[in-house]
1. Would it be correct to say that D209 is of a type in the set (D, E, K, R), closer than 17 Å to F18 by Cβ, at pLDDT 95 or above and out of contact with any Asp or Glu (no Cβ under 7 Å at 6 or more places or on another chain)?
2. With free of Cβ contacts under 8 Å to residues at least 60 places away in the same chain, more than 30 Å from G36 (Cβ to Cβ) and among the β-branched types (V, I, T) as the only criterion, which of T126, T101, T68, T141 stands out?
3. So which residues in region 13-44 are crowded, with 20+ Cβ neighbours inside 10 Å and within 17 Å of T230 (Cβ to Cβ)?
4. So which of S156, S144 is under 18 Å from the mean Cα position of the chain (by Cα) and hydroxyl-bearing (S, T, Y)?
5. Run S15 past the list (1) part of a helix (DSSP H, G or I); (2) of a type in the set (S, T, Y); (3) at positive phi and report the number of the one that doesn't hold.
6. Within region 219-265, how many residues turn out to be acidic (D, E) and over 36 Å from the mean Cα position of the chain (by Cα)?
7. If you scan region 149-169, which residues turn out to be surrounded by fewer than 18 Cβ atoms within 10 Å (Cβ to Cβ), touching a residue at least 40 places away in the same chain (Cβ under 8 Å) and in a helix (DSSP H, G or I)?
Amino acid sequence: MRVTIQEIQAFKDRSERFPVLTAYDYPTAKIIDEVGVPLILVGDSLGNVVLGYDSTVFVTMEDMLHHTKAVVRGAKRALVIGDMPFMSYQKNLDDALTNATRFLQEAGAQAVKLEGGEVTAETTRTLVDRGIPVVGHIGYTPQSDYQIGRRVQGRSLEAARSLVRDAQALDEAGAFAVVLELVPAQLAEVITERIRVPTIGIGAGLKCDGQVQVVSDMLGLYTDFVPRHTKQFAHLADAMRTGVETYASEVKKGRFPTAEHGSTLEGQVLQELLDSL
């Protein structure tokens with residue numbers, strides 16, 4: 001049985017923190033699911049960490065559906081959230097409903113995520129009223145990167161009040177969780193205490209109900225840039241580099257493959273083949 005939104009709410013109700021991770025492919029989702037992480041986000045961050053773009057705005061619906069399908073095939077228990085890409089829900093409610101429906105019907109996700117607070121509350125309510133679970137996302141919103149820049153949000157009194165209103169609007173609209181990204185820890189704590197649904201922090205301190213990380217960052221797949229809010233729990237780039245170097249060296253020196261990595265013909269078959277040529 002898959003994790004339900006009611007189970008996610010229960011984490012907050014009993015003050016139990018929970019982990020969330022991104023995934024973009026079948027094997028990663030399978031491992032995350034086997035470990036027992038209850039929520040997997042197929043983030044549009046795949047544009048940066050998988051497709052090589054410098055912004056999430058280049059990610060399309062087809063990109064997101066393709067990767068969400070793979071994650072759903074790998075995760076049998078975790079609740080899978082599809083990240084709605086740039087301009088797939090901002091134009092009008094009909095577009096938002098159509099595209100969110102595709103995440104559930106075509107890709108097999110169980111929920112979608114939208115960026116924005118009060119400005120997306122009506123869209124959130126429309127989707128929820130039609131049976132589509134929604135996760136909100138406020139603070140730093142990557143799809144608005146060109147406008148707001150990649151920096152902590154909510155530092156001033158006015159900005160902090162605005163984020164509290166955003167969170168409350170999403171809560172009232174029916175979102176079952178709200179991501180707080182790059183928000184001062186004290187503000188994240190205030191928001192967490194003032195809304196009914198769980199908050200999921202990324203660069204927002206310890207007091208959020210859950211925490212989410214980009215799996216590529218957390219596992220050290222990239223070494224050229226490590227976000228401040230990331231702790232690397234493994235160093236896959238080093239391990240992969242070592243593995244590739246060793247493989248290339250053994251191929252060049254004739255040490256791979258060996259007999260144990262292949263098969264052979266029976267002597268009589270080989271002789272008959274040679275005689276027939």
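1. The answer is yes for D209.
2. T126
3. Result: V20, L21, T22, A23, Y24, T28, I32, V37, L41, G43.
4. Answer to the check: S144.
5. (1)
6. So the answer is 2.
7. Within region 149-169, S162, R165 meet the criteria.
Table: residues versus (1) in contact (Cβ under 8 Å) with a residue 12 or more places away in the chain; (2) among the aromatic types (F, W, Y); (3) more than 30 Å from Y24 (Cα to Cα).
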position	(1), (2), (3)
M218	yes, no, no
V226	no, no, no
K231	yes, no, no
G243	no, no, no
K253	no, no, yes
A259	no, no, yes
V269	no, no, yes
D275	no, no, yes
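The values are calculated or read from the model by the stated rules, or taken from the named source; none is laboratory data. Small disclaimer: the values here were computed from a predicted structure and weren't measured. Positions of Cβ are generated from backbone atoms using ideal geometry, with glycine treated the same way; all protein chains shown enter the neighbour counts.
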